[in-house]
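Notes follow once the structure below has been shown.
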Amino acid sequence: MSQQASVGEVVRVASPARTVRQRSANGAAYTMLVPWLVGFFGLTAIPMVASLYLSFTDYSLLAPPEWVGADNYAYMFNGDYRFWPSLTVTAFYVFVSVPLATVVALAVAVGLNRKMRGIGILRSVYYLPSLLGGSVAIAIMWRELFDKNGLVNLVLSWFGIDGPAWLALPQTAPWTLVFLHAWQFGAPMVIFLAALKQIPSDLYEAAELDGANRVQVFFTITLPLITPIVFFNVVMQMITSFQAFTPAFVISNGTGAPLDSTLFYTLYLYIEGFGNFRMGYAAALAWVLLAIIAGLTALAFATARFWVFNPDD
Amino acid sequence: MPAVLVLGALLMVYPLLWMFSSSLKPEDEIFRNLSLIPQALTFQNYPKGWTFFNVPFSLYFINSFVIAAIAIVGNLLSCTITAYVFARLRFRWRNLWFSLMLLGLMLPHHVTIIPQYIMFNNAHLVNTILPLVLPKFLAVDSFFVFLMVQFIRSIPRELDEAATMDGAGPFRVFVDIILPLCTPALVTVSIFTFVWTWNDFFSQLLYLTSGDKLTVPLALRMLNSSTGEATSTWGILFAMSCLSIIPLLAIFFFFQRRLVEGIATTGLKG
Amino acid sequence: MTRMNKRQFLKYGGTALGAGMLAGVLGPIGARAQGAGLTVAWWGEGDQNKRTADAMQAYAKASGITIDPQGTNFNGYWDRLATQVAGGNAPDVFQVFLATMAEYAARGTIEPIGNYLGSVIDTSDWAPAARDSVYFGGEQYFVPLGLSTQPAIIYDKTVLEGIGITELKPDWTLAEFREIGAEIAEALSADGEQKFGMDDMGGSQTVLEAFVRSKGVNMFTDEGQLGFSKDDLIEWYEFWDEARAAGVAVAPEARQQGGFEATGIIRGVAAFSTAASTKGLQGFQSLSQNQLEFNPWPRYAADSERIELVTPVEWMVISATSDQKDEAAALLNFIVNDPASITAMGISKGAPVGNALRKQILESGELSETETKIYNVVEEALPYSKPRVIYPPGSGPLVGPGTPLIALLNDQIAFKQIAIPAAVDRFFSEADRNL
């Protein structure tokens, strides 16, 4: 029991005690962090450093790597005719589909956040597309949906629009990937649902007493309180979408066709590393991507203080 | 509002209906008749698929289930405690560690998987499930750590400060205060871990090689016909894909209840 | 304070210790699972995986050797194999194909088998097309698993008969091919919806190979350089560009993504499609109710000779790092030459390489109609077959699987994004860099 008192005291006393407290906090934090530290160094950091090294080598996977200096990076910006198209289509995908999927996910989550008969089934149904993930069935179905005589064009024809064979044209093919992403919003939706449940209900009760309508409640209470989760979803989706692989692999059978218009950056990197036996170059591509994502993530964190709710403030 | 939701649900359920209907069509009808109603109904794809390989398909289900279950335990234990430390404790180099953790998420795994494979191979762990489940106990899924951090930070700090005043150490605060308050987040972690592990193809492909160790996604890929160099098995693929969805739906349906019944008010323990 | 630290330390340290012990306890279990006999890896789809595993099992039973069979799908197979080789954990025996065999052989990952061929592995009855296919750089490496012809030009006989074309001559010419294609396109489009004569094969490396061989050169030279000239490639792209413009070949806007299920024949928009090898008829036929048949790739001109390519599609090799090479060679002999293995494998790797075996199976009456067609086309083509040169290392980005440059340029030409001469220049300069 003596510890109780001491903890309570040191909170308020001056620097010598504070350093002691700090040291003990460090100790507690680092002991609890041991599993993560082991995993981080053993399973994440070492392979990362290894791949950084490999990015300066010619590495076929089949024979030991050979040091080539910055050749891989030089070739990327000067000579590689598939690098820019793959980066462009990936950036398009990220900046269009991430906001779209986030809005859809939040809207559906708010809609599903109610007590109602059969709500569990409804929730499961909305999560369904994400359960199917990158399965072959989705691939075949998506291709048929967006074919010349597919369901999408049928619906468009009701409005007098003559739709193309979406996956045949380099202008329209990337959109099918965006739609696929927007349709598989299950993960952010579930996270939003969980976040909505986290909001103390007394806040809503107070708002109701004040006579606020549902839209007002959403924008004054719900949205501000879940901004940490909005932030999380946007940042995480950006990070994973830049590395999106399965959708493109599934839609184009791993070819990136037509005209490399569905050649996601990671698909290209994979083709180079495993298909063309240039893992050194693939590693260089990966590190350039990391630099891009890290820059954008840092930017997101820098802006967070202006719009993300922080209970510590 | 509910009407819109039900209408949207049709859009969501369409792929499953399509897949199910395709699994009931004879092989030469699947790509000829794209409508949801089979012209010639057959149920043969299900028994044929179940016994298509030299081991029954149920073995793949068991293998997948074991891996997913262990992965959930691992993530629940390791990611939550790590997230708590990052979200609540002040310690030296916290921001540096956190940045490094996020950085680990940004490198495509295709280039780190080779060094990882070499490490597990040197440890003689290839062709066991350990390379797939051991990392989960070491909080390597930074996605979940970050997710939990965001959830924990939204819990009012007064609660754990009060507990701290009462003499609880950081670990006690974590177990008694934080954990019960983030049930929805824990449910989320469980659902995602199950689904993503169940559907994970690449690492299972690399680490599980022997025929009796294969998992559902590995078996499904073997049913995929892409080159046409053999009599195709699309019907069987769709049939087995339908079956493989059932555990996912069941798990989701079971866990999502907890999302509804999650803690409705804070301050229960304060 | 110190007391608290100690207690805390014990508490949290315990958690960590638990994690460590978990690793320690589970570790040995993992280690035990290693080293289970002869590891054999291959890819397959449809019933190929099961049939190959059955052959392995038959051998394990007959020889008493333990075999760890590792079958998987095509794409996954290559990712895993490269990873295994990188990790120094290559399977003792593994399967290879045209686009990658030289990559593996050139880097010393494959054991030369000159001392096994003709002794442990009996080659006495093999068709010449099989015997020719074991070399890379003058050394013997590859054990052929079966024979097919490449490419496969598949046509929809039901559709052709429907418009009055009852027979295709096996020694037809390129001009006749185009003409018949035009006839089909016109007849099928009569009801208003535009259809075509043939798929756009301009991006298919196996069809390009047949084209340049019909002009008397191979795709690659023995030195690993391109075997054809810029003029050959210009002529090739011009043929398809004209065919697309004339509505004979499927227009780029009318294509579908996917594998063989997205071809013109299966979607009913064209009557000629191509598969990598004649084994591909199985996939096509299983999705179609029409009668599908082969015809060889046409001769270049009226006075050109008929040139066919009978070849294995899959080979198996022994890993250079295997410590059971003799056992591996004995297994390969069984796989290729033993009737028990051939019975288990069926047609999954093509027609058997042994002449007597092929005859025996054909006469056994156990083959389906489609399988009989695949056998017959091999027998028919054998007299016209000339060996190819194995694709050299670095050829993957040019003519390998996925979207190789040859296909990307064909698409760019189709979408009018590049002129043909510029495309050909691009191809040759990339070839200079890669080969």
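Brief remarks follow.
- Choice from A:Ala195, A:Ala182, A:Ala50 showing the highest fluctuation, given a GNM over chain A with Cα pairs closer than 10 Å: A:Ala50
- Between the listed residues A:Pro35, A:Pro47, A:Ile293, the Cα displaced farthest toward the positive end of the dipole of chain A, a dipole computed from Cβ unit charges relative to the Cα centre, is found at A:Pro35.
- Look at the dipole of segment B:55-260 built from charges on Cβ: of B:Leu96, B:Ser232, B:Ile246, the Cα furthest out on the positive end belongs to B:Leu96.
- In the structure shown, the pairs C:Lys195/C:Lys373; C:Lys215/C:Lys359; A:Lys197/B:Lys136; C:Lys349/C:Lys386; C:Lys169/C:Lys386; C:Lys279/C:Lys359 are assessed against 23 Å; a Cα-Cα span above that value is assigned to C:Lys195/C:Lys373; C:Lys215/C:Lys359; A:Lys197/B:Lys136.
- Ranked list, fewest to most other Cβ atoms within 10 Å of each Cβ, for B:Glu27, B:Glu158: B:Glu158, B:Glu27
- Alpha carbon centroid spacing (whole Å) that separates segment C:236-294 from segment B:139-210: 52 Å
- The residues A:Phe306, B:Phe255, A:Phe83, A:Phe77, when put in order of fewest to most other Cβ atoms within 10 Å, stand as A:Phe306, A:Phe77, B:Phe255, A:Phe83.
- Relative contact order for chain A, counting Cα pairs under 8 Å that sit 6 or more residues apart, in percent: 27 percent
- Of C:Ala351, C:Ala245, C:Ala90, the one that fluctuates the most in a GNM where chain C has Cα springs shorter than 10 Å: C:Ala245
- Percent of Cα pairs exceeding the 35 Å cut-off, where the set is chain C: 36 percent
- Sites C:Asn434 and B:Leu11 - FRET efficiency at Förster radius 56 Å, r taken between beta-carbons, to 0.05: 0.75
- Per-selection Kirkwood Rh - the protein assembly as shown (Cα, Å, 1 d.p.): 30.6 Å
- Long-range amide H partners of C:Val389 with built H, under 5 Å: C:Met219, C:Phe220
- Least to most buried among C:Thr274, C:Thr166 (fewest other Cβ within 10 Å first): C:Thr166, C:Thr274
- Dimensions (Å) - segment A:74-307, Cα atoms, principal axes, largest first: 66, 46, 29
- Taking every DSSP beta bridge that has both ends in the protein assembly as shown, the antiparallel portion is near 65%.
- Kirkwood-based Rg to Rh ratio, segment C:147-301, C-alpha trace: 0.96
- Residues with amide H under 5 Å from that of C:Leu38, placed H, sequence gap 5 or more: C:Thr66, C:Ile67, C:Asp68
- Karplus-derived 3J(HN,Hα), 6.51/-1.76/1.60, for each residue of segment C:297-308, Hz, glycine and proline x: 4, x, 5, 5, 8, 4, 9, 8, 7, 7, 10, 10
- ³J(HN,Hα), Karplus 6.51/-1.76/1.60, whole Hz, each residue of segment B:151-164, x for Gly, Pro: 5, 5, 5, 7, 7, x, 5, 4, 4, 6, 5, 4, 5, 4
- If you run the Gaussian network model on chain C, springs between alpha carbon atoms under 10 Å, then out of C:Ile418, C:Ile318, C:Ile113 the most flexible one is C:Ile418.
- Environment charge at B:Thr193 (Cβ cut-off 10 Å; Lys +1, Arg +1, Asp -1, Glu -1): 0
- Shielding of C:240-252 by partner chains, average beta-carbon count, 10 Å: 1
- Think of it as helices only: each DSSP H run of n ≥ 4 in the protein assembly as shown is worth -39500 (n - 2.57), and spread over all residues that comes to -18000 deg cm²/dmol at 222 nm.
- Intensity falloff of segment B:55-260 expressed as log10 I(q)/I(0), Debye formula with alpha-carbon point scatterers, at q = 0.09, 0.16 Å⁻¹: -0.44, -1.12
- Farthest toward positive dipole pole in segment C:326-435 [+1 Lys/Arg, -1 Asp/Glu at C-beta], among C:Ile374, C:Pro352, C:Leu332: C:Ile374
- Amide H to amide H, with H built 1.01 Å from N, C:Met316 comes under 5 Å of C:Val96, C:Val143, C:Leu145, counting only residues 5 or more places away or on other chains.
- Solvent-free Debye calculation, one equal scatterer per alpha-carbon of segment B:31-81: log10 I(q)/I(0) at 0.18, 0.26, 0.29 Å⁻¹ equals -0.74, -0.95, -1.02.
- Kyte-Doolittle mean at least 1.6, axial Cα span of 15 Å or more - DSSP H helices of chain A: A:83-112, A:223-242, A:279-307
- Vicinal HN-Hα couplings computed from phi for segment C:240-254 (Karplus, 6.51 cos²θ - 1.76 cosθ + 1.60; Hz; Gly/Pro x): 6, 5, 5, 5, 5, 4, 8, x, 7, 9, 4, 5, x, 6, 9
- Relative contact order of chain C, defined on C-alpha pairs under 8 angstrom at six or more residues apart (%): 26 percent
- Both radii come from the Cα set of segment C:117-218: Rg as radius of gyration, Rh as Kirkwood radius; their ratio Rg/Rh reads 1.14.
- Given chain C, longest segment not containing exposed loop GluC sites (Glu not before Pro) (DSSP; at most 13 other Cβ within 10 Å): C:1-166
- For segment C:310-382, the spread of Cα positions along each principal axis, largest first, Å: 42, 23, 18
Since every read-out is calculated from the coordinates, none of them should be taken as a lab result. For clarity, every value in this text was computed on a predicted model and none was experimentally measured. Quick reminder, even Gly has a Cβ in these numbers, built from the backbone with ideal geometry, and neighbours come from all protein chains shown.
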